[in-house]
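Step one of this worksheet: look at the structure below.
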């Protein structure tokens, strides 16, 4: 018993308490009602901080068009994280051979064909072409409120690094001034919001996990230009705190890629603030313990728990 | 060598105004080179000059002009002499 306590990880504790449910795959978990209730409380808090800006609410399924995914350039930067949906497209004879292969323990997936669907890697990816289709942005630009399950192929025992996780996002489109003002405002608001929850955090300049040696260069570029900031909270490790919120300025990347233009007929710039849904829940559980009834009254009140 | 660097930029990096009007010290990012363009340029330079930029050189400034690229290549080549 003692040995188990000594070696038990935070993930073990979450399984033991039934907050997360094992599926046999690292990073792919079910969630309990309590876990979801904490999350609902957090989402309402995000809405309380961001709702006054009157964002347009849009929800996409956790998958997107493969052609839009290809156009986005995601594979240039993060090929290691992408997940594609493959399906059986054969005839009855192929079906027989498929079943035989499964029966024999062979690789039945070899014959699967790529479908027109790719798993959403970040909540905002399906949004840009949709917004561009509406034509030129109005003078005041646009602001969207998104939330989606996202997929990133990175199996891990760290509960804060799941393969399927939810991301809430506010996405701003407009002139460089409009979108950088938005990001600066959220850098402040995000800190006030996590401060309200009493969680210890730090904010730092950051980079995305670009792939390979060339990715090193992209990462350095991103940091040099201070395009990404993260609000970090210790969850799995004190030394390497986890990014729970991120504040990103994409410059004209998505504007150029998807043909988004401002009222002044310039290429639109975009920025987003992302909230790691599960990560904030996990940060709360780590910091205050898994018995929610014992959480400080002020925190429970903020979350409506 | 600067001419060779210029040719490599011309064929690997998309610059809205082209490269003809740029001098060796002109800022390539200001001329419209994207981050991904700079990565393509890095790979093309490595192939053309048979070098590999070490991690400490993988930064934005190094690839910002023909002159900075030239001095990095000179540095790499002098390091490799006698190896």
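For the reader, a short list of remarks on this structure follows.
- Prolate/oblate/rounded call for region B:1-56, Cα gyration tensor, a/c under 1.5 rounded: prolate
- Relative to the longest principal axis of the Cα atoms of chain B, the long axis of helix B:66-80 makes an angle of roughly 10 degrees.
- Between A:231, A:119, A:34, the residue with the greatest mean-square fluctuation in the GNM of chain A (Cα pairs under 10 Å linked by springs) is A:34.
- Gyration tensor verdict on chain A (Cα atoms; rounded if a/c is under 1.5, prolate if a/b is larger than b/c, oblate otherwise): oblate
- Using a Gaussian network model of chain A in which every pair of alpha carbons under 10 angstrom is joined by a spring, one finds that among A:96, A:267, A:205 the greatest mean-square fluctuation is at A:96.
- Shown for B:5, B:19, A:102: other C-beta atoms within 10 Å of each C-beta, ranked fewest to most, produce the order A:102, B:19, B:5.
- Taking other Cβ atoms within 10 Å as a rough exposure proxy, A:186, A:108 sort from fewest to most as A:108, A:186.
- Shielding by other protein chains, A:215-228, mean Cβ within 10 Å: 4
- Within chain A, helix-based [θ] at 222 nm, where runs of 4 or more DSSP H residues each add -39,500 (n - 2.57), nearest 500: -11500 deg cm²/dmol
- Length-normalised contact order of chain A in % [C-alpha pairs under 8 Å, at least 6 apart]: 21 percent
- Euclidean distance of C-alpha centroids, region B:60-79 and region A:263-292, integer Å: 39 Å
- Choice from A:48, A:168, A:152 showing the highest fluctuation, given a GNM over chain A with Cα pairs closer than 10 Å: A:48
- Three-way shape label, region A:39-127, alpha-carbon gyration tensor, a/c 1.5: prolate
- Sequence-separation-based contact order of chain B, relative, with Cα cut under 8 Å and 6+ spacing, percent: 36 percent
- Per residue, the average separation of C-alpha pairs within less than 8 Å and at least 6 apart gives region A:127-236 a relative contact order of 21 percent.
- Angle between chain B longest axis and helix B:2-12 axis [Cα atoms, degrees, rounded to 10]: 60 degrees
- Within 10 Å of the Cβ of each residue in B:51-60, the mean number of Cβ atoms contributed by other protein chains is 3.
Every number in this text was worked out from the coordinates using simple rules, so none of it is lab data. These figures come from a predicted structure and were not determined experimentally. Virtual Cβ from ideal backbone geometry, glycine too; neighbours counted across all protein chains shown.
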